[in-house]
Amino acid sequence: MGFFLEVLIGGLLAGVLYSLVALGFVLIFKASGVFNFAQGAMVLTAALALVRALDVFEQWHWPFGVALASAFVFAAVVMAIVAWVAERLVLRKLVNQEGIILFMATIGVTFFLEGMAQTVFGADVYPLNIGLPKDPLFILESLFDGGILVNELDIWAAVIAGLLVTGLALFFQRTRIGRALRAVADDHAAAQSVGIPLNQIWFIVWLVAGLVALVAGAVWGAKLGVQFSLSLLALKALPVLILGGFTSVPGAIIGGLVIGAGEKISEVFLGPSLGGGIEIWFAYVLALLFLLVRPQGMFGERIIERV
Amino acid sequence: MASRSRSFNQVLLTVENISLSFGGVKALSDISFDIAQGEIRAIIGPNGAGKSSMLNCINGFYHPQQGAITYKGIRRARMRPHEAAEQGIARTFQNIALFRGMSTLDNIMTGRNLRMKRGLFWQALRVGPAEHEEIEHRKVVERIIDFLEIQHIRKVPVGQLPYGLQKRVELGRALAAEPELLLLDEPMAGMNLEEKQDMCRFVLDVNDEFGTTICLIEHDMGVVMDISDRVVVLDYGKKIGDGVPDVIKNNKAVIDAYLGVSH
(Lines give C-alpha, C1' and ligand atoms only; values in the text may rest on other atoms or scores of the structure.)
Protein backbone atom coordinates (compact mmCIF):
# COMPACT_ATOMS: atom_id res chain seq x y z
CA MET A 1 0.00 0.00 0.00
CA GLY A 2 2.77 2.38 0.93
CA PHE A 3 4.55 1.59 -2.32
CA PHE A 4 1.38 2.06 -4.37
CA LEU A 5 0.81 5.47 -2.76
CA GLU A 6 4.39 6.42 -3.43
CA VAL A 7 4.00 5.59 -7.12
CA LEU A 8 0.63 7.35 -7.25
CA ILE A 9 1.92 10.54 -5.63
CA GLY A 10 5.02 10.54 -7.81
CA GLY A 11 2.80 10.16 -10.85
CA LEU A 12 0.38 12.89 -9.80
CA LEU A 13 3.23 15.30 -9.20
CA ALA A 14 4.69 14.56 -12.62
CA GLY A 15 1.19 15.04 -14.00
CA VAL A 16 1.10 18.57 -12.60
CA LEU A 17 3.83 19.46 -15.04
CA TYR A 18 1.85 18.04 -17.97
CA SER A 19 -1.09 20.11 -16.77
CA LEU A 20 1.01 23.26 -16.86
CA VAL A 21 1.85 22.74 -20.51
CA ALA A 22 -1.71 21.71 -21.43
CA LEU A 23 -3.01 24.85 -19.73
CA GLY A 24 -1.24 27.07 -22.25
CA PHE A 25 -2.97 25.22 -25.09
CA VAL A 26 -6.38 25.52 -23.47
CA LEU A 27 -6.05 29.27 -22.92
CA ILE A 28 -5.37 30.01 -26.57
CA PHE A 29 -7.86 27.46 -27.87
CA LYS A 30 -10.63 28.82 -25.67
CA ALA A 31 -10.11 32.42 -26.62
CA SER A 32 -9.37 32.14 -30.32
CA GLY A 33 -10.23 28.61 -31.41
CA VAL A 34 -6.65 28.16 -32.56
CA PHE A 35 -4.81 25.02 -31.66
CA ASN A 36 -1.45 26.55 -30.92
CA PHE A 37 1.13 23.96 -31.86
CA ALA A 38 3.83 26.44 -30.85
CA GLN A 39 3.07 26.11 -27.13
CA GLY A 40 5.96 23.64 -26.69
CA ALA A 41 8.32 25.95 -28.54
CA MET A 42 7.12 28.79 -26.32
CA VAL A 43 8.03 26.71 -23.26
CA LEU A 44 11.50 26.18 -24.73
CA THR A 45 11.93 29.86 -25.62
CA ALA A 46 10.82 31.02 -22.19
CA ALA A 47 13.05 28.53 -20.38
CA LEU A 48 16.07 29.39 -22.51
CA ALA A 49 15.56 33.11 -22.00
CA LEU A 50 15.22 32.53 -18.27
CA VAL A 51 18.27 30.32 -17.79
CA ARG A 52 20.59 32.38 -20.00
CA ALA A 53 19.57 35.67 -18.39
CA LEU A 54 20.07 34.12 -14.98
CA ASP A 55 23.57 32.97 -15.97
CA VAL A 56 24.48 36.46 -17.12
CA PHE A 57 23.09 38.19 -14.04
CA GLU A 58 24.92 35.74 -11.78
CA GLN A 59 28.18 36.45 -13.61
CA TRP A 60 27.62 40.09 -12.76
CA HIS A 61 27.53 38.97 -9.10
CA TRP A 62 24.00 40.13 -8.48
CA PRO A 63 22.49 38.62 -5.33
CA PHE A 64 20.59 35.42 -6.23
CA GLY A 65 17.14 36.77 -5.43
CA VAL A 66 17.61 39.89 -7.53
CA ALA A 67 19.17 37.94 -10.39
CA LEU A 68 16.35 35.40 -10.37
CA ALA A 69 13.62 38.06 -10.30
CA SER A 70 15.32 40.02 -13.08
CA ALA A 71 15.71 36.87 -15.17
CA PHE A 72 11.99 36.15 -14.80
CA VAL A 73 11.17 39.71 -15.84
CA PHE A 74 13.50 39.39 -18.83
CA ALA A 75 11.90 36.10 -19.90
CA ALA A 76 8.42 37.60 -19.45
CA VAL A 77 9.39 40.50 -21.71
CA VAL A 78 10.67 38.02 -24.30
CA MET A 79 7.32 36.21 -24.18
CA ALA A 80 5.48 39.52 -24.51
CA ILE A 81 7.47 40.26 -27.67
CA VAL A 82 6.70 36.77 -29.01
CA ALA A 83 2.99 37.32 -28.34
CA TRP A 84 3.02 40.74 -29.98
CA VAL A 85 4.85 39.52 -33.07
CA ALA A 86 2.61 36.44 -33.37
CA GLU A 87 -0.49 38.63 -33.23
CA ARG A 88 0.88 41.27 -35.60
CA LEU A 89 2.50 39.11 -38.25
CA VAL A 90 0.49 35.90 -38.10
CA LEU A 91 -2.94 36.08 -36.46
CA ARG A 92 -3.99 39.47 -37.73
CA LYS A 93 -3.31 38.46 -41.32
CA LEU A 94 -5.31 35.27 -40.94
CA VAL A 95 -8.47 36.56 -39.27
CA ASN A 96 -11.55 34.57 -40.34
CA GLN A 97 -9.48 31.83 -41.98
CA GLU A 98 -10.20 28.16 -41.39
CA GLY A 99 -8.92 26.64 -38.17
CA ILE A 100 -6.63 24.31 -40.10
CA ILE A 101 -4.88 27.29 -41.72
CA LEU A 102 -4.26 28.91 -38.37
CA PHE A 103 -3.02 25.57 -37.07
CA MET A 104 -0.53 25.32 -39.94
CA ALA A 105 0.57 28.87 -39.20
CA THR A 106 1.33 27.91 -35.60
CA ILE A 107 3.48 25.04 -36.89
CA GLY A 108 5.41 27.68 -38.79
CA VAL A 109 5.69 29.73 -35.61
CA THR A 110 7.00 26.60 -33.86
CA PHE A 111 9.91 26.16 -36.26
CA PHE A 112 10.68 29.84 -36.20
CA LEU A 113 10.71 30.00 -32.41
CA GLU A 114 12.80 26.85 -32.01
CA GLY A 115 15.36 28.17 -34.45
CA MET A 116 15.40 31.68 -33.11
CA ALA A 117 15.54 30.72 -29.44
CA GLN A 118 18.46 28.38 -30.01
CA THR A 119 20.29 30.88 -32.20
CA VAL A 120 19.93 33.70 -29.73
CA PHE A 121 20.26 31.86 -26.44
CA GLY A 122 22.32 28.80 -27.39
CA ALA A 123 21.48 25.17 -28.02
CA ASP A 124 23.21 23.34 -25.16
CA VAL A 125 21.69 21.71 -22.12
CA TYR A 126 21.64 24.28 -19.34
CA PRO A 127 21.09 23.34 -15.70
CA LEU A 128 18.57 25.70 -14.13
CA ASN A 129 18.49 26.49 -10.45
CA ILE A 130 15.54 28.62 -9.45
CA GLY A 131 16.13 28.13 -5.75
CA LEU A 132 13.77 25.19 -5.32
CA PRO A 133 15.07 22.42 -3.04
CA LYS A 134 15.64 19.13 -4.81
CA ASP A 135 16.07 16.84 -1.82
CA PRO A 136 14.14 13.64 -1.57
CA LEU A 137 11.66 13.77 1.24
CA PHE A 138 10.01 11.07 3.31
CA ILE A 139 6.43 11.79 4.38
CA LEU A 140 3.83 9.91 6.41
CA GLU A 141 6.53 7.92 8.18
CA SER A 142 4.19 7.19 11.09
CA LEU A 143 1.63 5.54 8.78
CA PHE A 144 3.86 3.44 6.57
CA ASP A 145 7.00 1.58 7.24
CA GLY A 146 9.81 3.76 5.96
CA GLY A 147 7.42 6.51 4.86
CA ILE A 148 6.68 7.62 1.32
CA LEU A 149 9.43 9.03 -0.82
CA VAL A 150 8.59 12.18 -2.72
CA ASN A 151 10.71 14.74 -4.49
CA GLU A 152 10.54 18.14 -2.83
CA LEU A 153 10.86 19.90 -6.19
CA ASP A 154 7.72 18.14 -7.39
CA ILE A 155 5.80 19.38 -4.40
CA TRP A 156 6.91 22.93 -5.08
CA ALA A 157 5.88 22.47 -8.70
CA ALA A 158 2.42 21.46 -7.53
CA VAL A 159 2.21 24.50 -5.25
CA ILE A 160 3.28 26.82 -8.05
CA ALA A 161 0.80 25.24 -10.46
CA GLY A 162 -1.94 25.67 -7.86
CA LEU A 163 -1.12 29.35 -7.43
CA LEU A 164 -0.99 29.85 -11.18
CA VAL A 165 -4.37 28.24 -11.70
CA THR A 166 -5.92 30.27 -8.88
CA GLY A 167 -4.50 33.43 -10.39
CA LEU A 168 -5.82 32.56 -13.83
CA ALA A 169 -9.24 31.68 -12.44
CA LEU A 170 -9.45 35.06 -10.68
CA PHE A 171 -8.29 36.80 -13.83
CA PHE A 172 -10.87 35.05 -16.01
CA GLN A 173 -13.83 35.22 -13.66
CA ARG A 174 -13.41 38.59 -12.05
CA THR A 175 -11.74 41.07 -14.36
CA ARG A 176 -13.04 43.08 -17.25
CA ILE A 177 -10.42 41.55 -19.55
CA GLY A 178 -11.30 38.06 -18.35
CA ARG A 179 -14.94 38.64 -19.17
CA ALA A 180 -13.88 40.03 -22.55
CA LEU A 181 -11.78 36.92 -23.20
CA ARG A 182 -14.70 34.63 -22.50
CA ALA A 183 -16.86 36.81 -24.73
CA VAL A 184 -14.41 36.59 -27.63
CA ALA A 185 -14.28 32.84 -27.19
CA ASP A 186 -18.06 32.62 -27.56
CA ASP A 187 -18.70 35.00 -30.45
CA HIS A 188 -16.27 37.22 -32.32
CA ALA A 189 -18.80 39.54 -33.95
CA ALA A 190 -20.83 40.09 -30.80
CA ALA A 191 -17.68 40.75 -28.81
CA GLN A 192 -16.62 43.44 -31.27
CA SER A 193 -20.06 45.01 -31.17
CA VAL A 194 -19.81 45.64 -27.43
CA GLY A 195 -16.47 47.33 -27.93
CA ILE A 196 -13.98 44.54 -27.37
CA PRO A 197 -10.97 44.94 -29.68
CA LEU A 198 -10.11 41.47 -31.03
CA ASN A 199 -6.46 42.23 -31.72
CA GLN A 200 -5.79 43.42 -28.22
CA ILE A 201 -7.52 40.39 -26.73
CA TRP A 202 -5.49 38.00 -28.88
CA PHE A 203 -2.30 39.69 -27.78
CA ILE A 204 -3.34 39.31 -24.15
CA VAL A 205 -4.21 35.63 -24.60
CA TRP A 206 -0.89 34.88 -26.24
CA LEU A 207 0.87 36.83 -23.54
CA VAL A 208 -0.90 34.88 -20.79
CA ALA A 209 -0.12 31.62 -22.61
CA GLY A 210 3.49 32.80 -22.87
CA LEU A 211 3.64 33.46 -19.12
CA VAL A 212 2.15 30.03 -18.43
CA ALA A 213 4.83 28.63 -20.75
CA LEU A 214 7.43 30.50 -18.71
CA VAL A 215 6.23 28.91 -15.47
CA ALA A 216 6.10 25.48 -17.11
CA GLY A 217 9.56 26.00 -18.60
CA ALA A 218 11.01 27.14 -15.29
CA VAL A 219 9.67 24.13 -13.40
CA TRP A 220 10.51 21.54 -16.08
CA GLY A 221 13.89 23.19 -16.59
CA ALA A 222 14.64 23.01 -12.87
CA LYS A 223 13.77 19.32 -12.95
CA LEU A 224 15.45 18.16 -16.17
CA GLY A 225 17.68 21.03 -17.24
CA VAL A 226 16.77 23.40 -20.03
CA GLN A 227 17.16 21.60 -23.34
CA PHE A 228 15.56 21.18 -26.73
CA SER A 229 13.38 18.29 -25.57
CA LEU A 230 11.22 20.82 -23.67
CA SER A 231 9.79 21.71 -27.05
CA LEU A 232 8.50 18.16 -27.43
CA LEU A 233 6.35 18.59 -24.33
CA ALA A 234 3.72 19.78 -26.76
CA LEU A 235 3.30 16.18 -27.87
CA LYS A 236 2.79 15.01 -24.31
CA ALA A 237 0.17 17.70 -23.75
CA LEU A 238 -1.97 16.40 -26.61
CA PRO A 239 -3.32 13.31 -24.83
CA VAL A 240 -3.87 15.46 -21.74
CA LEU A 241 -6.05 17.77 -23.82
CA ILE A 242 -7.98 14.91 -25.39
CA LEU A 243 -8.72 13.57 -21.93
CA GLY A 244 -9.62 16.85 -20.33
CA GLY A 245 -11.27 18.60 -23.26
CA PHE A 246 -9.71 21.36 -25.31
CA THR A 247 -11.79 24.11 -23.77
CA SER A 248 -11.59 23.31 -20.08
CA VAL A 249 -9.04 24.66 -17.62
CA PRO A 250 -10.02 22.17 -14.90
CA GLY A 251 -9.95 19.52 -17.62
CA ALA A 252 -6.33 20.32 -18.43
CA ILE A 253 -5.41 19.93 -14.79
CA ILE A 254 -7.27 16.72 -14.13
CA GLY A 255 -6.22 15.31 -17.49
CA GLY A 256 -2.59 15.97 -16.61
CA LEU A 257 -2.97 14.31 -13.22
CA VAL A 258 -4.70 11.25 -14.67
CA ILE A 259 -2.05 10.81 -17.32
CA GLY A 260 0.82 11.41 -14.92
CA ALA A 261 -0.53 8.93 -12.39
CA GLY A 262 -1.65 6.42 -15.03
CA GLU A 263 1.78 6.38 -16.66
CA LYS A 264 3.64 5.66 -13.49
CA ILE A 265 1.19 3.12 -12.12
CA SER A 266 0.98 1.20 -15.37
CA GLU A 267 4.75 1.23 -15.75
CA VAL A 268 5.33 -0.09 -12.26
CA PHE A 269 2.49 -2.58 -11.98
CA LEU A 270 1.84 -3.66 -15.58
CA GLY A 271 5.40 -3.19 -16.77
CA PRO A 272 6.77 -6.49 -15.45
CA SER A 273 4.09 -8.55 -17.19
CA LEU A 274 3.78 -6.56 -20.45
CA GLY A 275 7.40 -5.64 -20.80
CA GLY A 276 8.64 -2.19 -19.84
CA GLY A 277 8.32 1.13 -21.63
CA ILE A 278 4.59 1.49 -21.02
CA GLU A 279 5.20 5.00 -19.78
CA ILE A 280 6.02 6.07 -23.31
CA TRP A 281 2.82 4.99 -25.01
CA PHE A 282 0.31 4.81 -22.15
CA ALA A 283 -0.90 8.40 -22.58
CA TYR A 284 -1.57 8.00 -26.29
CA VAL A 285 -3.48 4.75 -25.94
CA LEU A 286 -5.60 6.27 -23.21
CA ALA A 287 -6.28 9.27 -25.45
CA LEU A 288 -7.26 6.94 -28.28
CA LEU A 289 -9.76 5.15 -26.05
CA PHE A 290 -11.18 8.50 -25.00
CA LEU A 291 -11.60 9.57 -28.58
CA LEU A 292 -13.70 6.46 -29.17
CA VAL A 293 -15.89 6.88 -26.13
CA ARG A 294 -16.05 10.57 -25.33
CA PRO A 295 -14.46 12.68 -28.05
CA GLN A 296 -15.15 15.99 -26.33
CA GLY A 297 -13.06 14.93 -23.31
CA MET A 298 -14.11 14.84 -19.69
CA PHE A 299 -14.99 18.51 -19.39
CA GLY A 300 -15.09 19.79 -22.95
CA GLU A 301 -18.21 21.30 -24.41
CA ARG A 302 -20.39 18.72 -26.07
CA ILE A 303 -20.43 19.34 -29.78
CA ILE A 304 -24.00 19.21 -30.99
CA GLU A 305 -24.73 20.14 -34.57
CA ARG A 306 -28.19 20.90 -35.77
CA VAL A 307 -28.92 19.01 -38.96
CA MET B 1 -51.80 52.82 -33.04
CA ALA B 2 -51.44 55.30 -35.82
CA SER B 3 -48.02 56.26 -37.09
CA ARG B 4 -46.36 58.78 -34.86
CA SER B 5 -45.83 62.23 -36.14
CA ARG B 6 -42.92 63.77 -34.35
CA SER B 7 -40.43 66.21 -35.73
CA PHE B 8 -36.69 66.08 -35.37
CA ASN B 9 -34.19 68.67 -36.39
CA GLN B 10 -30.78 67.46 -35.36
CA VAL B 11 -29.05 64.91 -37.55
CA LEU B 12 -27.10 62.18 -35.72
CA LEU B 13 -25.78 60.16 -38.61
CA THR B 14 -25.58 60.78 -42.32
CA VAL B 15 -24.90 58.16 -44.95
CA GLU B 16 -23.73 59.63 -48.25
CA ASN B 17 -23.48 57.71 -51.52
CA ILE B 18 -22.42 54.44 -49.95
CA SER B 19 -21.46 51.63 -52.31
CA LEU B 20 -20.36 48.23 -51.14
CA SER B 21 -19.57 45.16 -53.18
CA PHE B 22 -18.28 41.70 -52.45
CA GLY B 23 -16.26 40.64 -55.47
CA GLY B 24 -18.68 41.11 -58.35
CA VAL B 25 -21.79 41.27 -56.19
CA LYS B 26 -23.06 44.74 -55.47
CA ALA B 27 -24.61 44.70 -52.03
CA LEU B 28 -25.25 48.44 -51.82
CA SER B 29 -25.08 51.04 -54.53
CA ASP B 30 -25.12 54.74 -53.96
CA ILE B 31 -27.22 54.77 -50.80
CA SER B 32 -27.82 58.06 -48.99
CA PHE B 33 -30.02 58.79 -46.00
CA ASP B 34 -29.79 60.26 -42.55
CA ILE B 35 -30.83 59.37 -39.04
CA ALA B 36 -32.08 62.17 -36.82
CA GLN B 37 -31.30 62.44 -33.14
CA GLY B 38 -34.03 60.75 -31.11
CA GLU B 39 -36.01 59.12 -33.90
CA ILE B 40 -36.89 55.53 -34.65
CA ARG B 41 -35.68 54.89 -38.16
CA ALA B 42 -36.62 51.69 -39.95
CA ILE B 43 -34.82 50.05 -42.85
CA ILE B 44 -37.05 47.70 -44.79
CA GLY B 45 -36.81 45.76 -48.01
CA PRO B 46 -37.14 42.25 -49.41
CA ASN B 47 -34.61 39.56 -48.52
CA GLY B 48 -31.17 40.29 -49.93
CA ALA B 49 -31.91 43.98 -50.33
CA GLY B 50 -28.77 44.96 -48.40
CA LYS B 51 -30.36 45.94 -45.11
CA SER B 52 -27.96 44.04 -42.87
CA SER B 53 -25.03 45.16 -45.01
CA MET B 54 -26.12 48.73 -44.35
CA LEU B 55 -26.08 48.17 -40.57
CA ASN B 56 -22.73 46.42 -40.86
CA CYS B 57 -21.32 49.50 -42.59
CA ILE B 58 -22.66 51.78 -39.88
CA ASN B 59 -21.07 49.81 -37.07
CA GLY B 60 -17.82 49.12 -38.88
CA PHE B 61 -18.00 45.41 -39.73
CA TYR B 62 -17.96 46.29 -43.43
CA HIS B 63 -16.06 49.08 -45.08
CA PRO B 64 -17.86 50.56 -48.09
CA GLN B 65 -15.69 51.09 -51.17
CA GLN B 66 -17.30 54.44 -51.85
CA GLY B 67 -19.16 57.07 -49.93
CA ALA B 68 -18.93 58.50 -46.46
CA ILE B 69 -20.61 58.12 -43.12
CA THR B 70 -20.80 61.16 -40.88
CA TYR B 71 -21.57 60.51 -37.24
CA LYS B 72 -22.16 63.30 -34.75
CA GLY B 73 -20.84 65.79 -37.26
CA ILE B 74 -17.56 63.98 -37.79
CA ARG B 75 -16.84 62.34 -41.10
CA ARG B 76 -15.72 58.89 -40.26
CA ALA B 77 -12.61 57.30 -41.65
CA ARG B 78 -12.35 53.53 -41.95
CA MET B 79 -13.56 52.37 -38.57
CA ARG B 80 -13.49 49.10 -36.73
CA PRO B 81 -16.47 47.73 -34.77
CA HIS B 82 -14.96 48.28 -31.34
CA GLU B 83 -14.27 51.90 -32.23
CA ALA B 84 -17.89 52.32 -33.27
CA ALA B 85 -18.87 50.88 -29.90
CA GLU B 86 -16.59 53.37 -28.16
CA GLN B 87 -18.41 56.19 -29.92
CA GLY B 88 -21.79 55.05 -28.66
CA ILE B 89 -23.12 52.71 -31.34
CA ALA B 90 -24.54 49.44 -30.00
CA ARG B 91 -26.31 46.70 -31.91
CA THR B 92 -28.06 43.37 -31.96
CA PHE B 93 -27.75 40.72 -34.64
CA GLN B 94 -30.10 38.99 -37.02
CA ASN B 95 -28.92 35.58 -35.89
CA ILE B 96 -28.62 36.03 -32.17
CA ALA B 97 -24.99 36.56 -31.20
CA LEU B 98 -24.87 36.03 -27.48
CA PHE B 99 -22.08 34.60 -25.35
CA ARG B 100 -23.75 31.24 -24.97
CA GLY B 101 -21.66 29.93 -22.14
CA MET B 102 -22.31 32.92 -19.90
CA SER B 103 -25.31 33.75 -17.76
CA THR B 104 -27.80 36.45 -18.66
CA LEU B 105 -26.20 38.68 -16.06
CA ASP B 106 -22.67 38.20 -17.41
CA ASN B 107 -23.84 38.73 -20.98
CA ILE B 108 -25.34 42.06 -20.09
CA MET B 109 -22.27 42.91 -17.98
CA THR B 110 -20.09 42.60 -21.11
CA GLY B 111 -22.07 45.57 -22.41
CA ARG B 112 -20.50 47.58 -19.57
CA ASN B 113 -17.04 46.55 -20.71
CA LEU B 114 -16.12 49.93 -22.15
CA ARG B 115 -17.17 51.76 -19.03
CA MET B 116 -14.98 49.83 -16.61
CA LYS B 117 -11.74 51.54 -15.82
CA ARG B 118 -10.17 50.03 -12.72
CA GLY B 119 -6.90 48.11 -12.88
CA LEU B 120 -6.93 44.38 -13.47
CA PHE B 121 -5.15 43.59 -10.27
CA TRP B 122 -7.79 45.29 -8.14
CA GLN B 123 -10.57 43.76 -10.19
CA ALA B 124 -9.17 40.28 -9.66
CA LEU B 125 -9.05 40.80 -5.92
CA ARG B 126 -12.34 42.73 -5.83
CA VAL B 127 -11.17 45.21 -3.27
CA GLY B 128 -11.28 48.96 -2.84
CA PRO B 129 -12.41 51.08 -5.77
CA ALA B 130 -12.75 48.06 -8.06
CA GLU B 131 -15.39 46.54 -5.79
CA HIS B 132 -17.22 49.83 -5.71
CA GLU B 133 -17.06 50.04 -9.49
CA GLU B 134 -18.29 46.48 -9.96
CA ILE B 135 -21.27 47.23 -7.71
CA GLU B 136 -22.10 50.41 -9.63
CA HIS B 137 -22.10 48.51 -12.91
CA ARG B 138 -24.14 45.72 -11.40
CA LYS B 139 -26.76 48.31 -10.40
CA VAL B 140 -27.05 49.55 -13.97
CA VAL B 141 -27.32 45.99 -15.23
CA GLU B 142 -29.98 45.12 -12.66
CA ARG B 143 -32.00 48.14 -13.78
CA ILE B 144 -31.85 46.90 -17.36
CA ILE B 145 -32.87 43.42 -16.24
CA ASP B 146 -35.86 44.88 -14.42
CA PHE B 147 -36.74 47.01 -17.41
CA LEU B 148 -36.73 44.01 -19.76
CA GLU B 149 -38.55 41.83 -17.22
CA ILE B 150 -35.99 39.04 -17.23
CA GLN B 151 -35.26 38.84 -13.49
CA HIS B 152 -36.13 35.14 -13.40
CA ILE B 153 -33.36 34.16 -15.83
CA ARG B 154 -30.53 36.23 -14.41
CA LYS B 155 -28.29 33.29 -13.61
CA VAL B 156 -29.28 30.98 -16.45
CA PRO B 157 -26.69 30.33 -19.18
CA VAL B 158 -28.23 31.99 -22.23
CA GLY B 159 -27.65 28.96 -24.45
CA GLN B 160 -30.51 27.26 -22.60
CA LEU B 161 -33.03 30.06 -23.04
CA PRO B 162 -35.86 30.09 -25.57
CA TYR B 163 -35.42 32.25 -28.65
CA GLY B 164 -37.62 35.16 -27.59
CA LEU B 165 -35.77 35.57 -24.31
CA GLN B 166 -32.40 35.36 -26.02
CA LYS B 167 -33.45 38.27 -28.23
CA ARG B 168 -34.35 40.19 -25.10
CA VAL B 169 -31.00 39.44 -23.44
CA GLU B 170 -29.25 40.61 -26.58
CA LEU B 171 -31.17 43.87 -26.44
CA GLY B 172 -30.17 44.15 -22.79
CA ARG B 173 -26.50 43.77 -23.64
CA ALA B 174 -26.77 46.53 -26.24
CA LEU B 175 -28.60 48.79 -23.77
CA ALA B 176 -25.98 48.21 -21.08
CA ALA B 177 -23.51 50.24 -23.13
CA GLU B 178 -25.89 53.23 -22.81
CA PRO B 179 -25.64 53.82 -26.56
CA GLU B 180 -26.62 56.96 -28.39
CA LEU B 181 -27.45 54.99 -31.50
CA LEU B 182 -28.94 51.53 -31.21
CA LEU B 183 -28.95 49.29 -34.28
CA LEU B 184 -31.48 46.44 -34.16
CA ASP B 185 -31.28 43.79 -36.86
CA GLU B 186 -34.70 42.12 -37.03
CA PRO B 187 -35.47 42.31 -33.30
CA MET B 188 -38.82 40.60 -33.76
CA ALA B 189 -38.00 37.92 -36.32
CA GLY B 190 -39.34 34.52 -35.38
CA MET B 191 -41.41 35.78 -32.47
CA ASN B 192 -45.06 35.11 -31.75
CA LEU B 193 -47.54 37.94 -31.48
CA GLU B 194 -47.23 38.36 -27.74
CA GLU B 195 -43.42 38.42 -27.85
CA LYS B 196 -43.57 40.94 -30.68
CA GLN B 197 -45.82 43.22 -28.66
CA ASP B 198 -43.41 43.02 -25.70
CA MET B 199 -40.46 43.80 -27.93
CA CYS B 200 -42.30 46.76 -29.52
CA ARG B 201 -42.99 48.11 -26.09
CA PHE B 202 -39.33 47.82 -25.10
CA VAL B 203 -38.16 49.55 -28.26
CA LEU B 204 -40.62 52.42 -27.76
CA ASP B 205 -39.76 52.69 -24.05
CA VAL B 206 -36.02 52.79 -24.75
CA ASN B 207 -36.62 55.54 -27.25
CA ASP B 208 -38.93 57.52 -24.94
CA GLU B 209 -37.20 57.08 -21.61
CA PHE B 210 -33.54 57.22 -22.58
CA GLY B 211 -33.89 59.26 -25.75
CA THR B 212 -31.88 56.63 -27.60
CA THR B 213 -31.89 56.94 -31.36
CA ILE B 214 -32.89 53.62 -32.91
CA CYS B 215 -32.31 52.25 -36.36
CA LEU B 216 -34.03 48.95 -36.94
CA ILE B 217 -34.48 46.40 -39.67
CA GLU B 218 -37.81 44.63 -39.57
CA HIS B 219 -39.98 42.55 -41.87
CA ASP B 220 -43.30 42.88 -40.04
CA MET B 221 -44.88 45.83 -41.86
CA GLY B 222 -47.52 46.36 -39.18
CA VAL B 223 -44.77 46.83 -36.60
CA VAL B 224 -42.66 49.05 -38.83
CA MET B 225 -45.51 51.35 -39.74
CA ASP B 226 -46.60 51.58 -36.09
CA ILE B 227 -43.40 52.36 -34.31
CA SER B 228 -41.07 54.08 -36.75
CA ASP B 229 -40.84 57.78 -37.43
CA ARG B 230 -39.26 57.43 -40.84
CA VAL B 231 -38.59 54.48 -43.14
CA VAL B 232 -35.87 53.78 -45.72
CA VAL B 233 -36.71 51.14 -48.33
CA LEU B 234 -33.95 49.18 -50.05
CA ASP B 235 -34.29 46.78 -52.95
CA TYR B 236 -31.38 45.01 -54.68
CA GLY B 237 -28.95 47.35 -52.94
CA LYS B 238 -30.67 50.51 -54.15
CA LYS B 239 -32.77 52.97 -52.22
CA ILE B 240 -36.31 53.02 -53.60
CA GLY B 241 -38.09 54.98 -50.93
CA ASP B 242 -37.52 57.21 -47.92
CA GLY B 243 -40.06 59.01 -45.77
CA VAL B 244 -42.71 58.82 -43.08
CA PRO B 245 -44.71 55.56 -42.91
CA ASP B 246 -47.83 57.02 -44.51
CA VAL B 247 -45.89 58.10 -47.57
CA ILE B 248 -44.04 54.80 -47.82
CA LYS B 249 -47.30 52.81 -47.68
CA ASN B 250 -48.49 54.53 -50.84
CA ASN B 251 -45.17 54.59 -52.67
CA LYS B 252 -45.57 52.75 -55.99
CA ALA B 253 -41.96 51.50 -56.19
CA VAL B 254 -42.21 50.09 -52.68
CA ILE B 255 -45.46 48.28 -53.36
CA ASP B 256 -43.98 46.85 -56.55
CA ALA B 257 -40.87 45.64 -54.76
CA TYR B 258 -42.91 43.84 -52.14
CA LEU B 259 -45.77 42.53 -54.23
CA GLY B 260 -44.06 42.17 -57.59
CA VAL B 261 -45.02 43.86 -60.84
CA SER B 262 -47.20 42.33 -63.49
CA HIS B 263 -45.56 42.17 -66.87
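Only helices (runs of 4 or more DSSP H) whose full extent lies in segment B:113-208 are considered here, and the ones with at least 1 residues that are modelled with pLDDT of 85 or more are B:128-147, B:163-176. Looking only at segment B:97-108, residues that are facing chain A (nearest Cβ under 7 Å) and within 18 Å of the chain's Cα centre (by Cα) come to 3 in all. Of all residues in segment B:84-96, those being under 18 Å from B:Leu148 (Cα atoms), facing chain A (nearest Cβ under 7 Å) and surrounded by fewer than 24 Cβ atoms within 10 Å (Cβ to Cβ) number 1.
Yes or no, residue by residue, for (1) modelled with pLDDT of 85 or more; (2) more than 9 Å from every other protein chain (Cβ to nearest Cβ); (3) not in a helix (DSSP H, G or I):
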position: A:Ala161; (1), (2), (3): yes, yes, no
position: A:Ala169; (1), (2), (3): no, yes, no
position: A:Gln173; (1), (2), (3): no, no, no
position: A:Leu181; (1), (2), (3): no, yes, no
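Assess whether A:Met104 counts as being of a type in the set (A, V, I, L, M), part of a helix (DSSP H, G or I) and either within 18 Å of A:Ala75 (Cα to Cα) or modelled with pLDDT under 85 (or both). Taking the combined requirement at face value, the residue does not satisfy it.
Per the listing A:Ala234, A:Ala283, the residue uniquely part of a helix (DSSP H, G or I), within 23 Å of A:Gly40 (Cα to Cα), touching a Pro at 6+ places or on another chain (Cβ under 9 Å) and more than 14 Å from chain B (Cβ to nearest Cβ) is A:Ala283.
Residue-wise test of (1) more than 14 Å from chain B (Cβ to nearest Cβ); (2) buried (at least 22 other Cβ atoms within 10 Å of the Cβ).
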| site | (1), (2) |
| --- | --- |
| A:Ser193 | no, yes |
| A:Ile196 | no, yes |
| A:Ile201 | no, yes |
| A:Val219 | yes, yes |
| A:Leu238 | yes, no |
| A:Gly245 | no, yes |
| A:Val249 | no, no |
| A:Ile253 | yes, yes |
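Annotation note: Cβ proximity below 8 Å between a residue of segment B:61-83 that is away from chain A (no Cβ under 14 Å) and touching a residue at least 40 places away in the same chain (Cβ under 8 Å) and a residue that is outside any loop (DSSP other than H, G, I, E, B) and surrounded by fewer than 12 Cβ atoms within 10 Å (Cβ to Cβ) (sequence gap 6+ or interchain) occurs for B:Ala68/B:Arg75; B:Ile69/B:Arg75. Checked against (1) touching a helix residue (DSSP H, G or I) at 6+ places or on another chain (Cβ under 7 Å); (2) crowded, with 16+ Cβ neighbours inside 10 Å, B:Gln151 passes all but a single condition, namely (2).
Of everything in segment B:40-51, what is surrounded by fewer than 20 Cβ atoms within 10 Å (Cβ to Cβ) and in contact (Cβ under 8 Å) with a residue 40 or more places away in the chain? Give them in sequence order. Correct list: B:Pro46, B:Gly48. When A:Gly146 is tested against (1) under 24 Å from the mean Cα position of the chain (by Cα); (2) not in a helix (DSSP H, G or I), exactly one condition is not met: (1). Quick check on segment A:33-61: of everything there that is surrounded by fewer than 23 Cβ atoms within 10 Å (Cβ to Cβ) and among the small types (Gly, Ala, Ser), which residue is modelled with the lowest pLDDT? Filtering first and then ranking leaves A:Gly33.
The values are calculated or read from the model by the stated rules, or taken from the named source; none is laboratory data. These numbers come from a predicted model, not from an experiment. With ideal geometry, Cβ positions are generated from the backbone for all residues, glycine too; neighbour counts draw on all protein chains shown.
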